1. Based on other C-beta atoms within 10 Å, arrange Leu39, Leu155, Leu140 from fewest to most.
2. For region 118-198, give the magnitude of the charge dipole about the Cα centre (Cβ charges: +1 Lys/Arg, -1 Asp/Glu; no others), in debye to the nearest 20.
3. Taking K and R as +1 and D and E as -1, what net charge do the other residues with C-beta under 14 Å from the C-beta of Val70 add up to?
4. For Val19 and Trp121, FRET efficiency with R0 = 25 Å and r from the beta-carbon atoms, rounded to 0.05?
5. Based on the mean of other beta carbon atoms within 10 Å per residue, what is the order of 88-98, 183-193, most packed first?
6. Quick one: Thr20, Thr148, Thr81, Thr159, fewest Cβ neighbours within 10 Å first, how do they rank?
7. Pairs to check: Lys76/Lys116; Lys76/Lys164; Lys94/Lys161; Lys76/Lys161; Lys94/Lys164. Give those whose C-alpha atoms are more than 24 Å from each other in this structure.
8. Putting +1 on Lys and Arg Cβ atoms and -1 on Asp and Glu Cβ atoms, find which of Val151, Val110, Ala171 reaches farthest to the positive end of the dipole of region 109-198.
Amino acid sequence: MFDPFFGALFLAAIVVPVVTLVYWLSPKPRQSRSKGFALLGCAVAAVGGFLCYAGPDLFVTNDGMIEMYVVAPEPKAGGFTDQLAGIAGRFGMKAYVSHQPNFDGAPFHVLESYGKWLRLWSQNMPLDPDLPRERCGPRLLVDPGQYTLMVFRILPFGTEKSAKEFSSQLAAQLRSAGYEVRSSPVLCSPWLKNRIAH
């Protein structure tokens, strides 16, 4: 989906510096320098505003990305994303959460969070469409009881050390909240297996 604010900032970050450069290179009376400095200030503001708004997306790197998997007990499965947002907030990160049902009716929860030169992404674990029904119950696109979490660094100040420390602390908080945190996913969660007979 197109973000009009991103588009406006992107356009300003290109047009304003170009106009400023053309103005400074063109012959002009001495007294017009104040206008030139005003334009220069606008150019810096335009580029700075764009980088502040779009920087987390532009400078996220997959290098050193940390991935973990969370299996939620059935009573906690639906509320995991909101609880994760609260935990991320305690680490000083701003979280954006989306709850949408898939066309198959299964809930699909997504979280994107930024802070301390790190990006956290979470969503329901995608399911293999070829999984036999007798092993994992209903044939859904995502597992409502299992989540994948990824921690990315944001350049230039996001370090592998800070990503590892944050991931370790995040995993500890999730375990203390009653979730199972793993380095590899399970085939399907108890949430799905409990629906085999239904």
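We did not get these values from a lab; they are worked out from the coordinates using the rules stated. Everything numeric here is computed off the predicted structure, so don't read it as measured data. Note that we place each Cβ from the backbone using ideal geometry, even for glycine, and neighbour counts take in every protein chain shown.
1. Sorted ascending by nearby Cβ count, the order is Leu155, Leu39, Leu140.
2. 80
3. -2
4. 0.10
5. The peptides rank, most packed first, as 183-193, 88-98.
6. Thr159, Thr148, Thr20, Thr81
7. Lys76/Lys116; Lys76/Lys164; Lys76/Lys161
8. Ala171
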